[in-house]
Amino acid sequence: MKFLRRLALPGLFWLFVAYMFLPLAVMAAMGFRDSNFVAFPIQAWTTQWYREVLFDRDILASLWLSAQVALLSTTISILVGLPVAFLTARTSGLLRGALVALVVLPAFLPVVVSAIALRIFIGRIGLETGMLAIAFGHAVASMPFVVVMVLTRLNSMGQNMADAARNLGADDLIVLFRIVLPYLSPALLGAFMFCMLLSFEDFVRSFFLGGFEQTFPVLLFSRLRFGFDPGLAAISTIILIVTTGFGLYAERFIRSRRLGRDTSLSATGKTND
Amino acid sequence: MTRLLISLRRFALYRGLLELYGRSPLLRLILVAIIPVLWIGATNITPLFQMVEISFYDRYPVPQGEPIEWTGRHYATFFERPLYITAFLRSFIFASLATIVTLIVVFPVAYYISKAAPKNMRTRLLLLVVAPFWVSEIIRSFAWIVMLANRGAVNSFFSLIGMPGTPFDLLYNNVSLTIGVVYLTSLYMLLPLYAALEKIDDNLLEAAANLGAPAWQRFFRVVLPLSREGIVAGCTLVFLLVIGLYAMPQLLGGPSNTLFASTIGQIFSKAGDSWPLGSAFSIILTGSALAYVGLFVALFQRKRRGRAA
Amino acid sequence: MTDTVPAIELRNISKAYGALRVIDDVSLTVDKGVFITLLGPSGCGKSTLLRSIVGLAQPDSGEILVDGKDITRAVAHNRPVKMVFQDYALFPHMTVTQNIGFGCEMQGMGRKAIADRCQELLDLIRLPDLGNRYPDALSGGQRQRVALARALAPDPSALLLDEPLGALDLKLRQDMQRELKSIQRRTEKTFVFVTHDQEEAMSMSDLVAVMNKGRIEQLDTPQNVYANPVSEFVASFVGAANLFPASVTAVEGGEIRLETAGTEWTIPANRVTSPHALKPGDSATVVIRPEALSAQAEHNGHHIRLCGKVTEQTYFGDRVHLHLELAGDQSVLIDARPGTLEAASGEMTVTCRTEDVAVIARKD
């Protein structure tokens with residue numbers, strides 16, 4: 001046990017850290033290679049790729065689409081997730097179990113299946129593939145997480161708080177806007193960042209629900225299938241740094257607001273990419 | 001905002017509506033429930049039913065003016081073609097193996113962070129490992145392509161140290177796919193495991209040691225039973241994630257070892273009239289995956305004795 | 001409207017959850033400026049009664065009048081009665097001032113007026129400088145006072161307090177009891193206070209309503225509730241009581257004769273504290289307070305004498321409790337000053353003046 005504690009466990013841990021970071025570091029380095037091919041060793045270095053990808057029109061267009069989709073899907077997800085959480089909080093027993101099961105259902109389906117089912121659905125209701133369809137798909141995927149986060153926060157709110165406000169003369173609308181929503185705001189901000197990230201890095205739903213325009217992950221996927229240059233490594237590194245920074249900030253933000261362990265990004269996790 | 005809402009109360013109609021809403025529990029329930037019921041019905045239930053429906057269509061979309069022909073032939077196709085059954089079985093075997101590998105790789109890491117590392121370092125270590133959580137499947141795949149390609153980092157390293165026979169064919173096989181998949185899934189395993197292990201009271205281990213239990217007994221009779229919930233949650237998450245993987249197997253896996261999710265995706269990417277077949281396959285995959293996971297969870301839940309292991 | 005209109009009037013309020021009658025035909029009139037306490041064990045319906053008054057629970061039947069106006073059907077946010085909640089229910093995302101001003105804001109008061117009113121109340125609760133704090137930066141007692149100020153701010157017709165001191169420790173609770181009472185006197189507001197703590201009820205209230213199983217058993221001043229309980233429940237819930245089952249043998253000449261455990265007691269008829277007169281053959285309970293018993297050896301017709309064996313002795317510093325076991329398994333608690341009782345371990349005799357006991361009719 002002493003041996004395990006002193007050497008083997010820390011050794012395995014740092015090996016794991018290397019496993020997590022080394023490939024990303026190597027990819028980041030590849031972005032500096034002064035050549036048209038992805039290959040080692042790197043003999044000549046350049047920052048040209050990092051500069052160039054930021055002017056690549058296709059990449060910029062895909063990032064813009066991804067951003068639009070993320071914002072739209074997050075908005076839908078929160079607007080729908082809120083009432084779902086309110087309804088769930090009102091129910092109890094078997095009804096609550098059934099409701100929760102239905103709410104989290106999309107998170108338990110294989111992603112491909114869920115994406116395809118939505119593809120059939122939008123075809124039936126006459127929605128074209130494209131930005132709206134992708135945003136819709138992402139909202140479906142992220143709504144369960146909004147519900148879980150809001151519900152956790154809602155459970156910590158004593159019933160008396162809304163009653164006290166009512167007693168002091170606040171009607172139901174004022175209770176909603178002055179008491180409930182402000183109280184939920186940490187959970188809502190956390191859910192906002194979570195949904196943005198979830199949408200931004202989704203591939204499968206964007207792939208099946210997208211039209212001619214590609215979101216960033218779809219663009220990256222299709223380029224990777226037809227050969228690649230160090231520029232892809234450069235843009236991947238940039239995106240990786242931005243999302244990781246955003247994710248860590250979100251994590252810290254949520255923790256600092258004492259939202260409780262259950263609502264942090266880590267504990268809810270995400271089940272689909 | 002508040003002032004506006006308060007001044008609105010001057011109007012009798014608004015006051016009346018508020019009173020009506022305040023007094024009628026039924027109206028409250030309806031207003032709160034309307035969006036959730038519509039949304040869940042439309043997005044979480046209807047698409048699945050439509051999928052089931054279409055899987056029994058002979059063709060989709062149904063040509064103008066022709067009646068719908070119902071058939072079970074798409075389900076039959078699955079059982080008639082060894083190609084599909086093989087892909088299906090390969091998917092389940094691969095997902096199970098990947099889950100086990102992930103568990104073995106991640107357990108010591110989670111144990112180290114939650115129990116063995118110095119107390120003041122634990123949060124920081126967790127944050128360090130969790131940092132790459134949000135890197136997407138595609139970027140992760142790409143990073144491993146750069147690592148494992150014929151002129152990638154690993155081969156370059158091997159030839160640098162003078163290993164004969166380089167470059168090795170490291171990419172596009174089951175090993176490279178497993179490395180990439182575990183790279184993707186390990187954080188989904190880490191978080192539930194960490195949460196479960198962290199809850200175990202350190203005093204329990206000391207008590208066990210005090211009662212004379214050797215290290216391996218402490219591990220198998222105290223730590224493992226108490227972290228069972230975390231293990232079950234992590235394995236469920238990871239299995240469902242892997243069984244639905246679409247992009248990574250195409251980027252890192254071999255061309256001959258197609259997984260079932262990719263098969264379904266490819267069927268769907270073709271012309272629209274292959275949708276019934278794809279739907280049938282989707283239902284087969286979903287049903288079996290949920291049953292498989294359900295069985296796994298039930299088996300573990302049944303074994304559970306009291307809390308005091 | 002004159003001052004003779006009661007602040008709160010409840011007429012035949014009933015409420016049931018399924019078969020359980022939480023409030024059972026309660027009528028109550030509370031005059032202006034009175035500090036009244038609803039006292040009873042948990043589950044006796046006192047909190048539900050409060051919530052009915054503010055409209056957070058809907059009674060099945062009955063009428064609620066505040067300042068003479070029927071508000072039975074009014075929605076919660078339109079009722080002029082404010083409430084202090086057991087857990088205070090302060091809004092954690094608002095400062096102390098914003099919390100206190102919330103009620104005024106809802107009445108559409110101007111910003112300046114609200115600010116003035118808030119300062120006035122902060123002064124009243126003696127926290128003049130804490131207006132910009134958030135509730136989680138306050139101590140338990142401070143939160144309690146802010147909750148009080150918040151309910152007082154919109155100048156309510158009456159203030160309802162639902163076990164507001166329950167979360168505080170003993171010392172703080174006693175300070176807050178004095179503080180509450182003094183605030184009530186200064187503001188001249190009607191306070192309806194709910195508690196299960198009989199000492200709290202006795203020390204603060206002008207009137208105590210003892211509740212049991214959804215009914216008000218007795219409504220009276222604290223002194224009367226203690227000295228003249230109308231029922232066994234009141235006698236044993238308010239303070240400690242020794243209860244002796246007895247049967248009435250005769251009622252004559254302003255005296256009542258009772259037989260209990262083989263002896264006969266003669267007690268003044270005006271010591272029958274339950275509402276109906278007793279007649280021979282009725283069952284009754286004789287209530288003797290532990291502090292009414294003493295070891296003085298006086299023995300005449302105006303005293304009850306009890307002989308027994310001391311089984312237990314507990315010392316509290318300022319007083320001492322003795323447990324006396326009488327013949328027939330009856331056990332008696334005696335509360336006395338140390339030194340006034342011999343620390344006897346064997347047989348002992350105690351007496352009690354007959355005008356210090358109470359006789360209550362017993363239905364069986």
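Filtering region B:92-131 to residues that are modelled with pLDDT of 90 or more, polar (S, T, N, Q) and surrounded by fewer than 22 Cβ atoms within 10 Å (Cβ to Cβ) leaves only B:96. Applying the set (1) more than 30 Å from residue A:188 (Cα to Cα); (2) touching a residue at least 60 places away in the same chain (Cβ under 8 Å); (3) of a type in the set (Val, Ile, Thr) to residue A:47 leaves exactly one unmet item: (2).
Every residue, every condition in (1) facing chain B (nearest Cβ under 7 Å); (2) in contact (Cβ under 8 Å) with a residue 24 or more places away in the chain; (3) surrounded by 24 or more Cβ atoms within 10 Å (Cβ to Cβ); (4) within 26 Å of residue B:242 (Cα to Cα), yes or no:
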residue	(1), (2), (3), (4)
A:108	yes, yes, no, yes
A:116	yes, yes, yes, yes
A:126	no, no, no, no
A:141	no, yes, yes, yes
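Restricting region C:132-156 to residues that are under 29 Å from residue C:66 (Cβ atoms) and without any contact (Cβ under 8 Å) to a residue 40 or more places away in the chain leaves a set whose member that is surrounded by the most Cβ atoms within 10 Å (Cβ to Cβ) is C:145. Can you confirm whether region B:196-211 contains a residue that is part of a helix (DSSP H, G or I), at pLDDT 85 or above, assigned by TED's automatic domain parsing to the domain that holds residue B:284 and small (Gly, Ala, Ser)? Checked region B:196-211: at least one residue is part of a helix (DSSP H, G or I), at pLDDT 85 or above, assigned by TED's automatic domain parsing to the domain that holds residue B:284 and small (Gly, Ala, Ser). Among the residues of region B:125-145, is there at least one that is closer than 26 Å to residue A:201 by Cβ, more than 23 Å from the chain's Cα centre (by Cα) and part of a loop (DSSP other than H, G, I, E, B)? No: region B:125-145 contains no residue that is closer than 26 Å to residue A:201 by Cβ, more than 23 Å from the chain's Cα centre (by Cα) and part of a loop (DSSP other than H, G, I, E, B).
Do the conditions hold for residue B:49, that is, is it aromatic (Phe, Trp, Tyr), within 14 Å of chain A (Cβ to nearest Cβ) and surrounded by fewer than 16 Cβ atoms within 10 Å (Cβ to Cβ)? The answer is yes for residue B:49.
Rundown of residues vs (1) without any contact (Cβ under 8 Å) to a residue 60 or more places away in the chain; (2) more than 17 Å from residue C:47 (Cα to Cα); (3) part of a strand (DSSP E or B); (4) β-branched (Val, Ile, Thr), yes/no style:
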position: C:114; (1), (2), (3), (4): yes, yes, no, yes
position: C:184; (1), (2), (3), (4): no, yes, no, no
position: C:203; (1), (2), (3), (4): yes, yes, no, no
position: C:211; (1), (2), (3), (4): no, no, yes, no
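Taking each residue of region B:29-43 that is under 16 Å from residue A:77 (Cα atoms) and more than 7 Å from every other protein chain (Cβ to nearest Cβ) and looking for partners that are among the aromatic types (Phe, Trp, Tyr) and part of a helix (DSSP H, G or I) with beta-carbon atoms closer than 8 Å, six or more apart or interchain, yields B:42/A:121. In region C:6-29, the condition of being assigned to a loop (DSSP other than H, G, I, E, B), modelled with pLDDT under 95 and surrounded by 17 or more Cβ atoms within 10 Å (Cβ to Cβ) is met by at least one residue. Out of the residues in region C:35-54 that are surrounded by 16 or more Cβ atoms within 10 Å (Cβ to Cβ) and in contact with a helix residue (DSSP H, G or I) (Cβ under 9 Å, 6 or more places away or on another chain), state the one that is farthest from residue C:65 (Cα to Cα). This residue is C:40. Among the residues of region A:184-194, is there at least one that is surrounded by fewer than 18 Cβ atoms within 10 Å (Cβ to Cβ), within 14 Å of chain C (Cβ to nearest Cβ) and without any contact (Cβ under 8 Å) to a residue 12 or more places away in the chain? Among the residues of region A:184-194, at least one is surrounded by fewer than 18 Cβ atoms within 10 Å (Cβ to Cβ), within 14 Å of chain C (Cβ to nearest Cβ) and without any contact (Cβ under 8 Å) to a residue 12 or more places away in the chain, which makes the answer yes.
(1) within 13 Å of another protein chain (Cβ to nearest Cβ); (2) aromatic (Phe, Trp, Tyr); (3) in a helix (DSSP H, G or I); (4) surrounded by 16 or more Cβ atoms within 10 Å (Cβ to Cβ): which one isn't true of residue A:14, the others all being true? Unmet for residue A:14, out of (1) within 13 Å of another protein chain (Cβ to nearest Cβ); (2) aromatic (Phe, Trp, Tyr); (3) in a helix (DSSP H, G or I); (4) surrounded by 16 or more Cβ atoms within 10 Å (Cβ to Cβ): (4). Assess whether residue A:57 counts as being at pLDDT 85 or above and charged (D, E, K, R). Against the criterion (at pLDDT 85 or above and charged (D, E, K, R)), residue A:57 qualifies. Taken as a whole, the condition of being within 12 Å of another protein chain (Cβ to nearest Cβ), more than 27 Å from the chain's Cα centre (by Cα) and surrounded by 14 or more Cβ atoms within 10 Å (Cβ to Cβ) does not apply to residue A:76.
This table checks each residue for (1) within 20 Å of the chain's Cα centre (by Cα); (2) at the interface with chain C (Cβ under 10 Å from one of its Cβ atoms); (3) assigned to a helix (DSSP H, G or I).
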{"site": "A:162", "(1), (2), (3)": "no, yes, yes"}
{"site": "A:170", "(1), (2), (3)": "no, yes, no"}
{"site": "A:182", "(1), (2), (3)": "no, yes, yes"}
{"site": "A:196", "(1), (2), (3)": "yes, no, yes"}
{"site": "A:208", "(1), (2), (3)": "yes, no, yes"}
{"site": "A:221", "(1), (2), (3)": "yes, no, yes"}
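If you go through region B:66-101 and keep only what is part of a helix (DSSP H, G or I) and farther than 24 Å from residue B:287 by Cβ, you end up with just B:101.
Quick one: how many residues across region A:121-176 are closer than 23 Å to residue A:68 by Cα and of a type in the set (Val, Ile, Thr)? So the answer is 7. Here residue A:29 fulfils each of the conditions (1) in a loop (DSSP other than H, G, I, E, B); (2) more than 7 Å from every other protein chain (Cβ to nearest Cβ); (3) surrounded by 14 or more Cβ atoms within 10 Å (Cβ to Cβ) apart from (1). The criterion of at least 3 residues that are closer than 25 Å to residue C:107 by Cβ is met by the following helices (runs of 4 or more DSSP H) wholly inside region B:1-48: B:2-8, B:12-23.
The set of residues in region B:13-30 that are of a type outside the set (A, V, I, L, M) and surrounded by 14 or more Cβ atoms within 10 Å (Cβ to Cβ) comprises B:14, B:15, B:19, B:21, B:22, B:23, B:28.
The values are calculated or read from the model by the stated rules, or taken from the named source; none is laboratory data. Since the structure is predicted, the reported quantities are computational estimates derived from the model, not experimental observations. Here the Cβ is made from the backbone with ideal geometry for all residues, glycine too, and neighbour counts use every protein chain on show.
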